[in-house]
Each structure stands twice: as structure tokens, then as C-alpha cells.
Amino acid sequence: MLRNEIQKLSGLTRKAIEYYEERGLIKPKKSENGYRDYSEKDLQILTKISLYRKVGLNIAEIENVLNSDLNTLSATLRKKQYELEIQEKRKDILELIVKGEEDNIIQEKLAILENEETIYEKLERAFPGYFGMMIFSAYQPFLNEPLSEDSKSAYTEYVKYLDNLPQFELSEEEQKYIEKNTSDIKLADLKGVSDARIKAVENFEKWWDENKDIVEKYEEFKKSDEYSNSLMKQIQDKLQKYMWENNYYDIAIPLIRKFSKGYDDYYVKMSYANEKYMKIR
């Protein structure tokens, strides 16, 4: 079917359909004259996307659900339910503040809420701004659970380590660049990126067969003047130097592995995948 027809059947705008195609969620056939031929499967996927968007799922979550099974959808539902419950509790505390409730009662409610926070929420609150975003956002998928009792010591040590690090200095231009390029990034977007990394280490051989051309093009791009002279490269080099100078990989990574079982599992698989990648480069 042509675009006009699938627009009518799905109820989506042309721009939305183009966007979902860019994200690889649908794969219409392209004729020699440039027209797209959408299949029934494309329509089914777009219908699901429209439904999931209406109930509040973001694109990263939808991608994850479409590429997985019903268990993933159930897990996403539970996560949404948890987020709504936390929001409701925060709303209740705000109402107590507005009503002028006694401080000790408010603090008791806050203490209960903090115990239910995910590890990532705790870190994000402890280290606001671009420092936190750059340092630990990559671990976000592994930190979406409350802190367990036996991991509190490692977590506390990690926070203490980060808090005692010297100032990570960026120029005004670099700060504006980070703020501009991270202001609209949501945690779910980060999760989408990290999910792709997780899939890569789960079955590296399969991932390499499917993504070899893309990786080689990216490696070639990294050799270009455009990349070498970019602000992003400049910031990445500064961050890597900062981490090496402060023994981040020797001190912080082992601590994260202690308070995040998910990251520990990923780290082991990532090490294996890195060894494989270095052999085929």
C-alpha cells in the first residue's frame, strides 16, 4: 500500500511514519521511482506504535517491546506502574508541604520515598548537571532498581569517591555544547542506546555480522578531520584523561560491579566481546 493509504489506516502523520522508518521500526519496500510500498506487517507495527504512544510509552521503550516478547511488555508495564506510584507519593509530600505540615512528618515521608528510589535516581540527585550525566549515565539500565542492603557500603564508597574528585573543568563553549545536546535527552533514550550495547555483548558474533559495515564506517569517520576537530571529540578526550588521572577504572568500576549485579554481568560479557573485537580489527 502507498503512503496515503497507510496514513489513513494508521491515523499517523506522514512525518511520524517517516520517523519510525528512520528508526528501523518499519521497512517498506522502495520501488525504482522512489515510492514506498508498505506491507500489512508495517501497518500492524504502526498500529501498535500508535497504541503504545497513546498509553505513554516513549520511542526507546516501544523499540524494546517490538524487538522482544510479551515478557518485555509486562516488565515495561510494571516499570510504568512503579514510576506512577513514586510520582503519586511525591505529589502527596508536596501537598503536605503546601498545607504546612510539621517538618518531622514530611521528613519521615521523604525517608520512605528515598528508600524506594532507584540507584540511578539517587545518583542523579546527588550529582546534578553535566558531571553526573557524563560520568554515570552509561550505567543507567543497570541502576533502575532500589539499592539492596548488602550493596549500600559499595554505593556509599562510590558516592564518596565521586564527591572527592577534583573539578572537571570545561570551557564555556564546551559547557554550552553539553547543555544543548543533553537538555532534551531522556533516560529512556539513554536506555535505548545502552540496550543496543547489551545486545551486542549478549551475542557478539551475531551482532558483528549484522553491524560490521556500520562499525567500519564509524571507525573511518573517527579518522576524519571533521571528527578530530569536533567539540565532542575534544570533550571525550578530556573526560577520558580525567578518568585515567583519577584512577576511575581501577576504583569506581569495581564499586559499580559490587552494587549492580546487572552491570557486573554486562562487564564480564563486554570484556569477552572486546577481546573478540580486537582480534578481528
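Take D69 and decide whether it is farther than 23 Å from N115 by Cα and modelled with pLDDT of 85 or more. Full working, then the answer.
Values: farther than 23 Å from N115 by Cα: yes; modelled with pLDDT of 85 or more: no.
For D69, the condition - farther than 23 Å from N115 by Cα and modelled with pLDDT of 85 or more - is not met.
For the subset of the range 227-246 comprising residues that are in contact (Cβ under 8 Å) with a residue 40 or more places away in the chain and part of a helix (DSSP H, G or I), which member is surrounded by the most Cβ atoms within 10 Å (Cβ to Cβ)? It would help to see each step written out before you state the result.
Here is the first cut: in the range 227-246, the ones in contact (Cβ under 8 Å) with a residue 40 or more places away in the chain are 231-232, 234-235, 238-239, 242, 246.
Next, from what is left, pick out any that are part of a helix (DSSP H, G or I): 231-232, 234-235, 238-239, 242.
On the way: L231: 15, M232: 12, Q234: 16, I235: 19, K238: 16, L239: 15, Y242: 17.
My answer is I235.
Which residues, counting only those in the range 52-63, are open to solvent by 30 Å² or more (accessible area, probe 1.4 Å), in a helix (DSSP H, G or I) and either hydroxyl-bearing (S, T, Y) or in contact (Cβ under 8 Å) with a residue 40 or more places away in the chain (or both)? Please lay out each step first, then the result.
Taking the range 52-63 first, the residues open to solvent by 30 Å² or more (accessible area, probe 1.4 Å) are 52-56, 58, 63.
Then keep just the ones that are in a helix (DSSP H, G or I); that gives 52-54, 63.
Selection gives Y52, E63.
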Considering each residue of the range 262-280, count those that are touching a residue at least 12 places away in the same chain (Cβ under 8 Å) and not hydrophobic (A, V, I, L, M, F, W, C), and give that number.
8
From the options E220, E205, E216, residue that is part of a helix (DSSP H, G or I), in contact with a Lys or Arg (Cβ under 9 Å, 6 or more places away or on another chain), modelled with pLDDT of 75 or more and surrounded by fewer than 16 Cβ atoms within 10 Å (Cβ to Cβ)
E205
Please go through the range 128-158 and give me each residue that is modelled with pLDDT of 85 or more and either closer than 22 Å to Q236 by Cα or among the hydroxyl-bearing types (S, T, Y) (or both), ordered by number.
S148, S151, S153, Y155, T156, Y158
Suppose we filter the range 142-151 for residues that are open to solvent by 50 Å² or more (accessible area, probe 1.4 Å) and under 16 Å from P254 (Cβ atoms); how many remain?
1
Against the condition open to solvent by less than 60 Å² (accessible area, probe 1.4 Å), within 25 Å of the chain's Cα centre (by Cα) and closer than 21 Å to I253 by Cβ, how does L123 come out, does it pass?
yes
Qualifying position, being touching a Phe, Trp or Tyr at 6+ places or on another chain (Cβ under 7 Å), assigned to a helix (DSSP H, G or I), without any contact (Cβ under 8 Å) to a residue 40 or more places away in the chain and not polar (S, T, N, Q), among I49, I86:
I49
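The values are calculated or read from the model by the stated rules, or taken from the named source; none is laboratory data. Since we're looking at a predicted model, the values are computed, not measured. No Cβ is skipped: glycine too gets one built from the backbone with ideal geometry, and neighbour counts run over all protein chains shown. Areas reflect the complete protein model, heavy atoms only, side chains present, ligands, DNA and RNA absent. Shrake-Rupley method; radii C 1.70, N 1.55, O 1.52, S 1.80 Å.
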